Amino acid sequence: MTEKLDIYSMLPEELESYLSSFGEPRFRAKQVFTRLARGEKIEDITTLPKSLRERLKGEILDTLPTLKEKLVSKIDGTVKYLFGLHDSSCIESVLMRYKHGNTLCISSQVGCYMGCKFCASTIGGKVRDLYPSELVGQIIAAERDTGERVSNIVMMGIGEPLDNFDNVVKFLRLVNHPDGLNIGYRHISLSTCGVVPGIYKLAEVDLPITLSISLHAATDEKRTEIMPVNKKWPIRELLCSCVDYYKTTGRRISFEYTLIHGKNDTESDANELATLLKSAFSGTGAPIHVNLIRVNEVRETGFKKGSAESVNAFAKVLEKRGIVATVRRKLGADVNAACGQLRRSAIEKEENPS
Ligand code: SAH
């Protein structure tokens, strides 16, 4: 980070001690925090003395994402954003419209280090972690663009949130703050490919968010083939950390399972998954929920999706075994909404301008 001040990453108490260091009264912190969370620029907060605005403007690093490209689905109104950052990196966010409100799917890193074989975000590796301000900034930017409130957040965009642990936890506190965006923890989901030490740490922090585990296979052999992270933290260790998370926080965990044709999508895979989850959580009383989605085909990966019937048959097996399974509705099918694909095409355009 440069010498400049990352003001959108600061909680009111941090703003208070910063502002008081040059003699500003305590109430200024809340004033600044609230107005910044609404997407206002320092220079526009005219209730601040002009001299303070000028001073802050000179000191602040503008970390708010700026709109580079925007695709709106004609089918369901899903909006896919490509945002530019102050160092010219880019990230994606997706706004999904539901009856109960708007959900924003946000990115946690520029690129990703985890190497899942089916995922577009990890091609090219990780460039850097996002600052808390850039995480909040995606919400501020989407709210400014649509003029509508974002009421739910899913951390399922580009990157692995638990590989950016401290910034993500700071972000959760910022976005939940009643003087800021005031989004309840229960309206926030964090999805991880299975960074086990991060799951234990998150349980210790004990914020009532929803944890989602990208499982995608029921045996180590199959999971390692598609998710290299499984070599480091195999399924048994992963599920132990999930049980700990449930026991510590009392929050249910959901499992993501992407069906890839010919890899993990047969009824026998479904039976193995049911046996695995039931035995891992037996005696805990934890409700088990599995979200099923057919793989989004990414040109570079070569994985194919199976038929709609195959996913329904998979769900039926789980349900017969007493596991709640939801087949995810695919939103934004016409706007390339699978995460990482828009950023990939922007990078390709830059590398091969035609
Ligand atoms: N790193 C985190 C969050 C980002 S990925 C994680 O792994 O959970 C969000 C979800 O999208 C994960 O469940 C991931 O496995 C899934 N995903 C990635 N690429 C996909 C694709 N091509 N098709 C379907 N799901 C995909």
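Quick notes
- Legend: Rg and Dmax of region 304-354, from Cα coordinates, 17.2, 54 Å.
- The fraction of Cα-Cα pairs per 5 angstrom bin, counted from 0 for region 7-59, comes to 4, 21, 36, 31, 8, 0 percent, rounded to whole percents.
- Against the rule of thumb 2.2 N^0.38 Å, how large the Cα Rg of region 29-134 comes out: 1.33
- With the Kirkwood sum run over all distinct C-alpha pairs, region 249-295 has a hydrodynamic radius of 11.8 Å.
- Amide H contacts of Asn291 (H built 1.01 Å from N, under 5 Å, at least 5 apart or other chain): Phe255, Glu256, Tyr257, Thr326
- Amide hydrogen neighbours beyond the local backbone of Gly111, cut-off 5 Å, H modeled: Val127
- Which of Thr46, Thr34 has the fewest Cβ neighbours within 10 Å, and the rest in rising order: Thr46, Thr34
- Karplus-derived 3J(HN,Hα) values for region 299-305, using 6.51 cos²θ - 1.76 cosθ + 1.60 with θ = phi - 60°, are 3, 5, 9, x, 6, 10, 8 Hz; glycine and proline are entered as x.
- Note on Ser89, Ser107: ascending count of other Cβ atoms within 10 Å places them as Ser89, Ser107, the fewest first.
- Burial ordering of Cys90, Cys240, fewest other beta-carbon atoms within 10 Å first: Cys240, Cys90
- Whichever lysines have a C-alpha closer than 16 Å to that of Lys99, once near sequence neighbours (fewer than 8 apart) are set aside: Lys330
- DSSP-defined beta bridges in region 66-351 - what % are antiparallel, rounded to 5: 45 percent
- Net dipole in debye of region 219-322 [+1 Lys, Arg Cβ; -1 Asp, Glu Cβ; about Cα centre; nearest 20]: 240 debye
- Virtual paramagnetic centre 7 Å along Cα→Cβ of Glu40, amide N under 17 Å, in region 167-193: 179-182
- Centre-to-centre separation between the Cα atoms of region 17-44 and those of region 85-106: 26 Å.
- Under 14 Å from a label point set 7 Å out along the Cα-to-Cβ vector of Thr326, the amide N atoms of region 259-303 belong to 288-293.
- Label positions at Lys99 and Asp145, each projected 7 Å from the Cα along the C-beta direction, are separated by 2.7 nm.
- Using only side-chain charges placed at the Cβ, +1 for Lys and Arg and -1 for Asp and Glu, the dipole size of the chain relative to its Cα centre rounds to 840 debye.
- Residues of type aspartates and glutamates that Lys232 reaches as a straight line, Cα spacing below 20 Å, ignoring anything fewer than 8 places off in the same chain: Glu160, Asp163, Asp220, Glu221, Asp244, Glu256
- Fraction of alpha-carbon pairs over 29 Å apart in the chain - percent: 42 percent
- Taken one residue at a time, the phi angles of region 155-162 give Karplus couplings (6.51, -1.76, 1.60, θ = phi - 60°) of 8, 10, x, 5, x, 10, x, 7 Hz. Gly and Pro are set to x.
Only the coordinates and a few stated rules stand behind these numbers; no lab work does. None of these values were measured; they are calculated from a predicted model. A quick note on method: Cβ atoms are made from the backbone with ideal geometry, for glycine too, and the neighbour counts reach across all protein chains shown.
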